1. Which members of the stretch 175-203 meet the condition of being more than 18 Å from THR250 (Cα to Cα), in a helix (DSSP H, G or I) and in contact (Cβ under 8 Å) with a residue 24 or more places away in the chain?
2. Inspect all residues belonging to the stretch 81-96 and state whether any of them is acidic (Asp, Glu), surrounded by 14 or more Cβ atoms within 10 Å (Cβ to Cβ) and farther than 30 Å from LYS159 by Cβ.
3. Only helices (runs of 4 or more DSSP H) wholly contained in the stretch 52-126 count here; list those with 3 or more residues that are touching a Lys or Arg at 6+ places or on another chain (Cβ under 7 Å).
4. Inside the stretch 209-248, can you point out the residues that are aliphatic (A, V, I, L, M) and modelled with pLDDT under 95?
5. Checking the structure you have, find out if any residue of the stretch 139-153 is out of contact with any strand residue (DSSP E or B) (no Cβ under 9 Å at 6 or more places or on another chain), assigned to a helix (DSSP H, G or I), surrounded by 21 or more Cβ atoms within 10 Å (Cβ to Cβ) and of a type outside the set (Val, Ile, Thr).
6. Please go through the stretch 236-292 and pick out each residue that is in contact (Cβ under 8 Å) with a residue 24 or more places away in the chain, of a type in the set (Val, Ile, Thr) and in contact with a Cys (Cβ under 7 Å, 6 or more places away or on another chain).
7. Against the condition surrounded by fewer than 19 Cβ atoms within 10 Å (Cβ to Cβ), among the basic types (Lys, Arg) and not in a helix (DSSP H, G or I), how does LYS225 come out, does it pass?
8. Counting only residues that are assigned to a loop (DSSP other than H, G, I, E, B) and either under 19 Å from THR187 (Cβ atoms) or at pLDDT below 90 (or both), how many does the stretch 29-51 have?
Amino acid sequence: MQLDQININTNRIFDFTAPDSKAIQNLVSVSNEKSLSLNSIIDNDTVIDKTKYPKKVDCAWCYGTKYWDMLDEKQKLEVLWAEVARDVSMFIFLEQSLPPLYVGYINQYREGFSKETYEYLMIFSKEEIVHTLIFRKWLALTNEEIWPAPSDSYTGFLKMLPAVHPVVGILSTLTLEWAAETNAIFTTQNADVEPVTAKMFFEHHKEEVRHITFGRRIVNNWFSKAPESEKNVVRQIISKQLTSLLDLITCNNDLQKRVSFQLPFDLNDEKTISEIRNSENNKKINAIRFAEQLEWYKQLGICSWV
């Protein structure tokens, strides 16, 4: 069985229980009252202090390895800003891809969505557009460059999503968004972190928690009722996506292209990249920041390596 063979009941995309419906109605209500606006965090007069760290130092990709000690203090600061620019870029690429995907589902399956699901997909899409604008404003004010788009293995898969069951698109984007959000909030919420950057991620987190809650509710509902053969197809695809995503979040070898100096180590060397990704510091951090997400995926049978 392939992804495009998963059955879609166009008359009723998701067969919700009463608690499911109520939970999504609550998300709609809260979002209508508390959604961010572009200038609520960053405007043209905002000053971002690049002499401060943009995230916790011990969350630098190569912190705790010999490679971190090869950098001087100025280089460490530049590396940290480049790493956060990567995180911001990841959000931009993901969040600007979601509105056309979700609105496309609505256009194709409008009659099959409950009223609350329709409304939240629209709100979700609107909030992602605002997030994208906020993150682009941050890049402009920090003079950080946007990182390269994700590889074809990500963008190619995203192009497939409009043609398959909406649960696959919701779970796939949830996988990316949850991991990216967990990383961002874990690494930036500290008194030593540059205050505008810390506030941006904190306010963004409030809406992402609702998005993650929505995605989990949708996926749990589908997994509780779908045939095992269909669930296994989804498990196989998402497991591969999750594994490669966590590696990419832990260290990205495009770092050399984003800093102004020659790194004193080679991030194109597979041994070096593996050593950094599997450092004791990164293993400790990943065990904490991704614990909830991995446990949920384990319960769904998506990953068995937790």
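1. Hits for the stretch 175-203 are PRO195, VAL196, THR197, LYS199, MET200, GLU203.
2. Within the stretch 81-96, the first condition is being acidic (Asp, Glu), and the residues that meet it are 83, 87, 95.
Next cut, surrounded by 14 or more Cβ atoms within 10 Å (Cβ to Cβ) only: 83, 87, 95.
Okay, now just the ones that are also farther than 30 Å from LYS159 by Cβ, so none.
No.
3. Working: elements: 66-69, 73-95, 98-109.
Those helices (runs of 4 or more DSSP H) span 73-95.
4. Of the stretch 209-248, the ones aliphatic (A, V, I, L, M) are 209, 212, 218-219, 226, 233-234, 237-238, 242, 245-246, 248.
Matches in the stretch 209-248: ALA226, VAL233, VAL234, ILE237, ILE238, LEU242, LEU245, LEU246, LEU248.
5. Here is the first cut: in the stretch 139-153, the residues out of contact with any strand residue (DSSP E or B) (no Cβ under 9 Å at 6 or more places or on another chain) are 139-153.
So of that shortlist, the ones also assigned to a helix (DSSP H, G or I) come out as 139-142, 152-153.
Going one step further and asking which of them are surrounded by 21 or more Cβ atoms within 10 Å (Cβ to Cβ), we end up with none.
No; the residues of the stretch 139-153 include none that is out of contact with any strand residue (DSSP E or B) (no Cβ under 9 Å at 6 or more places or on another chain), assigned to a helix (DSSP H, G or I), surrounded by 21 or more Cβ atoms within 10 Å (Cβ to Cβ) and of a type outside the set (Val, Ile, Thr).
6. If the condition is that a residue be in contact (Cβ under 8 Å) with a residue 24 or more places away in the chain, of a type in the set (Val, Ile, Thr) and in contact with a Cys (Cβ under 7 Å, 6 or more places away or on another chain), then ILE276, ILE285 are the ones that fit.
7. Details: surrounded by fewer than 19 Cβ atoms within 10 Å (Cβ to Cβ): yes; among the basic types (Lys, Arg): yes; not in a helix (DSSP H, G or I): yes.
Criteria met by LYS225.
8. Step one: of the stretch 29-51, the residues assigned to a loop (DSSP other than H, G, I, E, B) are 35-37, 41-51.
Retained after the next criterion (residues that are either under 19 Å from THR187 (Cβ atoms) or at pLDDT below 90 (or both)): 35-37, 41-45, 48-51.
Residues flagged as assigned to a loop (DSSP other than H, G, I, E, B) and either under 19 Å from THR187 (Cβ atoms) or at pLDDT below 90 (or both) within the stretch 29-51 amount to 12.
The values are calculated or read from the model by the stated rules, or taken from the named source; none is laboratory data. These numbers come from a predicted model, not from an experiment. Cβ sites come from the backbone with ideal geometry, for glycine too, and all protein chains shown count toward neighbours.
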